[in-house]
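The values are calculated or read from the model by the stated rules, or taken from the named source; none is laboratory data. Here the structure is a predicted model, which is why all the values come from computation and not from measurement. So basically every Cβ, Gly included, is an ideal-geometry build from the backbone, and we count neighbours across all protein chains shown.
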Amino acid sequence: MNSSPNQYSVQSGRHWMFKRYSGLLSRGRNDRGGTLVEVMVAMIVFITGALGTSAFIYHSQGLLAATNNRMLASESAHARLEELTTVPFDNLPSFQEEDYTIEFNGISALRDTIIEDIDEDNDTIVDYRTVTVSISWTQGNGAPLSIELVRFYSPYR
């Protein structure tokens with residue numbers, strides 16, 4: 001068989017493409033360590049990952065604080081509604097309040113308790129009352145947040 005030195009026979013058991021291009025994919029024995037470009041790319045990848053992780057942690061802490069404050073405000077509103085459960089139905093309107101200052105988690109908040117009479121059949125007799133407790137506050141980053149709970153009270157409880 002007449003073959004040139006750059007051609008390899010498939011019959012020899014070796015694939016000619018692998019043999020021809022295998023030198024491009026591997027380094028020599030004396031070529032140890034990385035080049036400056038590889039080191040710079042690795043540093044850029046590492047710094048990008050570190051900055052992304054720190055931004056994620058910072059943002060998560062803000063969300064955690066907002067969720068914690070929302071939970072505390074909800075507990076405060078539930079406590080106010082439970083407090084009004086013990087009040088007789090006819091005395092409920094006297095417990096209405098606006099801009100009552102409360103504190104939770106070091107934050108000052110305003111609580112409003114609005115009591116409305118509902119007369120469904122227009123017979124001038126109050127059928128039930130709705131009590132709305134709303135709490136509003138300003139988050140540490142200046143974002144205003146609020147929560148509102150509504151409960152219905154019947155004279156037949």
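For segment 91-101, enumerate the residues that are loosely packed, with under 15 Cβ neighbours inside 10 Å and either touching a residue at least 12 places away in the same chain (Cβ under 8 Å) or part of a loop (DSSP other than H, G, I, E, B) (or both).
Taking segment 91-101 first, the residues loosely packed, with under 15 Cβ neighbours inside 10 Å are 91, 93-101.
The answer is Pro93, Phe95, Gln96, Glu97, Glu98, Asp99, Tyr100.
Criterion first (within 26 Å of the chain's Cα centre (by Cα), over 16 Å from Leu145 (Cβ atoms), touching a residue at least 40 places away in the same chain (Cβ under 8 Å) and assigned to a helix (DSSP H, G or I)) does His59 satisfy it?
Judged against the criteria, His59 is not a match.
If you go through segment 60-95, how many residues are under 20 Å from Gly106 (Cα atoms) and of a type in the set (D, E, K, R)?
Selection size over segment 60-95: 3.
Given the conditions (1) part of a helix (DSSP H, G or I); (2) surrounded by fewer than 13 Cβ atoms within 10 Å (Cβ to Cβ); (3) more than 25 Å from the chain's Cα centre (by Cα); (4) at pLDDT below 90, and given that Glu82 satisfies all but one, which numbered condition is not satisfied?
(4)
So in segment 102-126, with the set limited to residues that are free of Cβ contacts under 8 Å to residues at least 12 places away in the same chain and not aliphatic (A, V, I, L, M), which one is nearest to Ala73 (Cα to Cα)? Outline the logic, then answer.
Taking segment 102-126 first, the residues free of Cβ contacts under 8 Å to residues at least 12 places away in the same chain are 103, 106, 119-125.
When the remaining residues are screened for being not aliphatic (A, V, I, L, M), the result is 103, 106, 119-124.
Values: Glu103: 9, Gly106: 12, Asp119: 31, Glu120: 32, Asp121: 35, Asn122: 36, Asp123: 38, Thr124: 36 Å.
Ranking the candidates gives Glu103 first.
Given the condition more than 12 Å from Tyr153 (Cα to Cα), surrounded by 12 or more Cβ atoms within 10 Å (Cβ to Cβ) and among the β-branched types (Val, Ile, Thr), answer yes or no: does some residue in segment 108-129 qualify?
yes
Is there any pair linking a residue in segment 69-84 that is within 27 Å of Gly142 (Cβ to Cβ) and among the aliphatic types (A, V, I, L, M) to one that is at pLDDT 95 or above and in a helix (DSSP H, G or I), with Cβ under 9 Å and at least six apart or on different chains, and which?
Between residues of segment 69-84 that are within 27 Å of Gly142 (Cβ to Cβ) and among the aliphatic types (A, V, I, L, M) and residues that are at pLDDT 95 or above and in a helix (DSSP H, G or I), there is no close pair.
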